[in-house]
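The values are calculated or read from the model by the stated rules, or taken from the named source; none is laboratory data. Please read all numbers here as calculations on a predicted model, not as lab measurements. Every residue, glycine as well, gets a Cβ built from its backbone with ideal geometry; the counts of neighbours run over all protein chains shown. Each accessible area value is taken on the protein alone, full model and side chains, heavy atoms only, with ligands, DNA and RNA left out. Shrake-Rupley method; radii C 1.70, N 1.55, O 1.52, S 1.80 Å.
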Amino acid sequence: MPYIDYYKILGISKSASEKDIKKAYRKLARKYHPDLNPNDKEAEKKFKEINEANEVLSHPENRKKYDEHGKDWKHAEEFEKARQQQQQHQGGRQQQYSGGFDESDFSDFFESMFGGASRQRSSSTMFRGQDFNAELQLELKDVYASNKRTLTVNNKNIRITIPAGIENGQVIKIAGHGGKGVNKGPNGDLYIKFIIVNNTNFKRDKSNLYTTADLDLYKALLGGDVTVNTFDGKVKLKVKPETQNGTQVKLKGKGFPVYKKDGEFGDLYITYNIKTPTNLTDKEKELFTELAKLR
C-alpha cells in the first residue's frame, strides 16, 4: 500500500489546526463535488482523495496514528498489542522502538520483528472499515417535507431518505456505508452532517417559525382582515381594533415539521409591523390635525 500524503492533498501543513483542516476540506469538496463535475473522472478521483484525507486528519486520534505510523496507521493498535506480546515471549527483554516511523518503516519493522507466523496471523485478522464523514448542504425549504436524495461517496451512489424537520448541524449515521472492512471485517459507517441554509423570511427555532407582517395604520386602528404568508401558503387573519406595533400572534401548527414525528408541526409567530403613512395630502394632514385635537 503506497504512502499517501493527506496533508498535501488538502494543501495544508502538518501543523495545521482543526479549523484549518475543516476550512481546506470544505473548499476542495465544493470544488470537486461530483454534482458540480458530472462525468469528470479526475474530479471524482480527487473528491475521493479529499474525503479520505479529511476522514483521517479531522479526527485527532486518527491523525496522531497517521503522523506516527504513516500508511499503516489503521493497524497501529494491532502492532502495539503484538509488540507487547513479543516482549512477554522474550522474557521481558525490551525491543528498542522510538516511534519515529516514516512511510515504509512500520511495515518492515512489523515483518522483521514477528516473522512469517505473525504475518500469517496479521493477514487473517479482521479489521473494521474506516468511518467516512460527509456534509450535505440543503435549503430550509428542502427539509420541510421528507425527501430522498442520492449521494456520491467514494464513487458509490447511496440513496438516503432525509426526514422532514432535520436541524442545521445535525449528523445522521448510515451504517455500513463507510470504508470496506479488511479480511471480512465489518464495513465502517458514513456520518452525514447537514448544513441547512435559510433563504426565507422566516426565522427558525427548532420546530417554531417567526416572521413579521406589515399592517397599515388605519387597519391597526380600526381592525379588519390581513393576508399573511406562512411557510406553505397564505392565510387570512382578523386584526383587532387598536392593535399596537409589535403585537405578536400565534398560528398553532403552522410552523416547521417536528423531526421524525409525522404530522406534528410547531407554531408560527407573526409580529405586526405598523406602517406609518407617508406623502400625506393636505386634506389628510387636516384630518390628522383634527384627530390630534380630539385626543
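Can you confirm whether the stretch 205-213 contains a residue that is open to solvent by 60 Å² or more (accessible area, probe 1.4 Å) and over 23 Å from the mean Cα position of the chain (by Cα)? The answer is yes, given that some residue of the stretch 205-213 is open to solvent by 60 Å² or more (accessible area, probe 1.4 Å) and over 23 Å from the mean Cα position of the chain (by Cα). Of all the residues in the stretch 176-199, those that are touching a Ser or Thr at 6+ places or on another chain (Cβ under 7 Å) and at negative phi number 0.
Filtering the stretch 48-62 to residues that are of a type in the set (S, T, N, Q), in contact (Cβ under 8 Å) with a residue 40 or more places away in the chain and open to solvent by less than 40 Å² (accessible area, probe 1.4 Å) leaves Asn51, Asn54. Counting the residues of the stretch 4-61 that are among the hydrophobic types (A, V, I, L, M, F, W, C) and either over 16 Å from Phe132 (Cβ atoms) or in contact with a strand residue (DSSP E or B) (Cβ under 6 Å, 6 or more places away or on another chain) (or both) gives 5.
The residues of the stretch 20-37 that are open to solvent by 70 Å² or more (accessible area, probe 1.4 Å), farther than 17 Å from Glu52 by Cα and free of Cβ contacts under 8 Å to residues at least 12 places away in the same chain amount to a single one, Leu36.
Among Thr200, Thr152, Thr212, which is touching a residue at least 24 places away in the same chain (Cβ under 8 Å) and in contact with a Leu (Cβ under 7 Å, 6 or more places away or on another chain)?
Thr200
When the stretch 172-188 is filtered for residues that are within 17 Å of the chain's Cα centre (by Cα) and loosely packed, with under 13 Cβ neighbours inside 10 Å, the ones remaining, listed by number, are Lys173, Ala175.
Among the residues of the stretch 253-278, just one is without any contact (Cβ under 8 Å) to a residue 24 or more places away in the chain and within 19 Å of Ala220 (Cα to Cα), namely Thr278.
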